Each structure stands twice: as structure tokens, then as C-alpha cells.
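Beneath this line is the structure, given in C-alpha cells, with notes to follow.
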Amino acid sequence: MTGRTSILLSVCLLVLAFAAQAADFEYGGRPPGSVFDPENVLDPATRAEVSLPLERILKEEGVDVVVVILPTLDGAPPDFVAGRFANAWCESPIHAVVLHVPGEKEAPWIVPDGKLIGSIKPEIVSGKVAEAMRNAAREPSEPAKVRAAATEAADMLRYWMRNAINRSEFLETERTKIRLELEKKARQKQITLLVAAASTVPVLIGVFMLLSALKKRGPGLFPDNRPPRRLGAPHCGGNHCVVSLGPLPASNS
């Protein structure tokens, strides 16, 4: 099996897996656009006004926000329902579901999820989400609430994504600065050692020459010039000296 065939087979299996997942979901596959409104709570113009910016953000920035409007949740927690739609329909790891039930006091709910959210402190996420939901809840009509919640969700994800990119670039820049600083210090240390070694060589040479000169000079004493004894006598003479050996013995002849 060639590499191209393996890639094609993997893509086909992935598509089949998504198709099977969509088939298992009671609402089927993701509809065109970014708004699911089976009860037509939004008129076509408002639906397009909400969906088109979300579609553009998904295409240009990879941030996926899906708006889901249901008549009821049948007692299920909003986070659970939104999570099921996210798993079945969201196409990006950076995504959120805006879930709305007309007439519900706490709706619309904003439920962000994905890898980006997992890298942010939970208290920051919950605080920002609560603030966005309060802003949307202040709107006077159901369409306005949905429109505001979708805008808040998209802006929130885009803000976190830009911060993550900037933080990564900042950390990479700082790591580069630290590496360069360490390399600079290492070079300075090497130069210092080389200079110290180079300055030590003349000193060693000077000490060696000084010791050699002192060794040749020796101690400051006069040489021993005592003349050696001659013929075993206690005295000896030099130039212009006469030694008396006594009278000659008498001859017997």
C-alpha cells in the first residue's frame, strides 16, 4: 500500500466516523451555516445576521460558534445539551455553543469548550462566561439576546486565542533571550579564562628565569683558596721563599 493510498484511506475512515457520529445524533448532521433554529424563532434576516459573521470567523480564524435554539431541554442541564451539540457539530478545537430556549429566564447559555479552554484557568473561564451571559440577558427581545450571546461568545474565544498566540510568542522570545544571555555569559567566561591563562604565562617565564639566575649565582662566599700541602710538610713555600732542611749528614768516606 502506497503512502498516498494510506492517506486517502485514513481520510475516508475519518469521514465515515463523522458520518456515523452524525447519524447517531438525534438532530442529524450539522445544518448549513452556524445557526440551528428548527422552530424558526429567528426570522430569516436575523438568522443570516447572526450566522454570516460566525461563518466568516470560522473560515478566517478557526473559531467555531454554533447557535442552537430549542423549544425545551426536557430537564437536561444546559452544559450537557450544549456539549452533545459541540461533539456532533463543531469543526474546530476552539469552539463554543450558544444554547437558547425562548422564555427561559437564564437563557441564552454560552458553553465554550475545546483545547484552548482547557489551557485557561477555570475561574477565568467561568467569570468571563457569566459576564457574557449577563450582557446578553439584558437585551429586550429573544432575537437580540441570541445575537448578543453569539457575538459575546465569538469575541471571548477570539480574545483568548490571540492571548494564547501572543503568550506563546512572548514565551518563545523570552526563551531566546535567556539562551542568548547564557551563551553570552559562557563566551565571556571563556574569554576571561583565556586572558587569565595568557597573563599567567609571562609571570611563569619570569619566575623561571629568576630562579635560574639565582641558581647560577650561588651563595655570596669567597672561594676556598687554601693551598694543598706538599710532601706532607706542615708548611710550604712559594716564590722567593727558602726552606731550611738542616745540615747535611757527614760522609763516611
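The values are calculated or read from the model by the stated rules, or taken from the named source; none is laboratory data. Bear in mind the structure is a predicted one, so any value in this text is a computation, not a measurement. Methodologically, a virtual Cβ is constructed for each residue, glycine included, from the backbone with ideal geometry; neighbour enumeration extends over all protein chains shown.
State all residues of region 64-94 that are β-branched (Val, Ile, Thr) and either at pLDDT 90 or above or more than 22 Å from residue 52 (Cβ to Cβ) (or both); if no residue qualifies, say none.
Within region 64-94, the first condition is being β-branched (Val, Ile, Thr), and the residues that meet it are 65-69, 72, 81, 94.
Across region 64-94, the qualifying residues are 65, 66, 67, 68, 69, 72, 81.
Is it true that some residue in region 203-211 is farther than 18 Å from residue 93 by Cβ and at pLDDT 80 or above? Step through it out loud before you land on a result.
Looking only at region 203-211, we keep the residues that are farther than 18 Å from residue 93 by Cβ, and these are 203-211.
Those still in the list that are at pLDDT 80 or above too: 205.
Yes: region 203-211 contains one or more residues that are farther than 18 Å from residue 93 by Cβ and at pLDDT 80 or above.
Provide a single number: the residues in region 130-149 that are out of contact with any strand residue (DSSP E or B) (no Cβ under 8 Å at 6 or more places or on another chain), among the small types (Gly, Ala, Ser) and in a helix (DSSP H, G or I).
Start the filter on region 130-149 by keeping residues that are out of contact with any strand residue (DSSP E or B) (no Cβ under 8 Å at 6 or more places or on another chain), which leaves 130-131, 134-135, 137-141, 143-144, 147-148.
Within this subset, residues satisfying the condition of being among the small types (Gly, Ala, Ser) are 130, 137, 141, 144, 148.
Right, trim to in a helix (DSSP H, G or I) and you get 130, 137, 144, 148.
Summing the residues that are out of contact with any strand residue (DSSP E or B) (no Cβ under 8 Å at 6 or more places or on another chain), among the small types (Gly, Ala, Ser) and in a helix (DSSP H, G or I) in region 130-149 gives 4.
Please list, ordered by first then second residue, the pairs with beta carbon atoms under 7 Å, 6 or more apart or interchain, first in region 79-98 and farther than 14 Å from residue 58 by Cβ, second outside any helix (DSSP H, G or I) and among the β-branched types (Val, Ile, Thr).
These pairs meet every condition: 79/111; 82/97; 82/111; 83/111; 85/66; 85/68; 85/97.
Would you pick out the residues in region 83-100 that are outside any loop (DSSP other than H, G, I, E, B) and either in contact with a Leu (Cβ under 8 Å, 6 or more places away or on another chain) or surrounded by fewer than 22 Cβ atoms within 10 Å (Cβ to Cβ) (or both)?
Kept after step one, since they are outside any loop (DSSP other than H, G, I, E, B), are these residues of region 83-100: 83-89, 94-100.
Of everything in region 83-100, those that are outside any loop (DSSP other than H, G, I, E, B) and either in contact with a Leu (Cβ under 8 Å, 6 or more places away or on another chain) or surrounded by fewer than 22 Cβ atoms within 10 Å (Cβ to Cβ) (or both) turn out to be 83, 84, 85, 86, 87, 88, 94, 95, 96, 99, 100.
Being over 21 Å from residue 113 (Cβ atoms), in contact with a strand residue (DSSP E or B) (Cβ under 6 Å, 6 or more places away or on another chain) and of a type in the set (S, T, N, Q) is the filter here, so list the residues in region 24-82 that pass it.
none
List every residue pair whose Cβ atoms sit under 7 Å apart, with the two residues 6 or more apart in sequence or on different chains, where the first one lies in region 109-129 and is outside any helix (DSSP H, G or I) and of a type in the set (Asp, Glu) and the second, anywhere, is at pLDDT 90 or above and buried (at least 17 other Cβ atoms within 10 Å of the Cβ).
Filtered contacts from region 109-129: 113/86; 113/95; 113/96.
Taking the condition of being of a type in the set (A, V, I, L, M, F, W, C), in a helix (DSSP H, G or I) and surrounded by 16 or more Cβ atoms within 10 Å (Cβ to Cβ), how many residues in region 46-82 meet it? Steps first, please.
Of all residues in region 46-82, those of a type in the set (A, V, I, L, M, F, W, C) come to 48, 50, 52, 54, 57-58, 63, 65-70, 73, 76, 80-82.
From what's left, in a helix (DSSP H, G or I): 48, 50, 52, 54, 57-58, 80-82.
Add one more test, that the residue is surrounded by 16 or more Cβ atoms within 10 Å (Cβ to Cβ), and what stays is 50, 54, 57-58, 81-82.
Of the residues in that region, 6 qualify.
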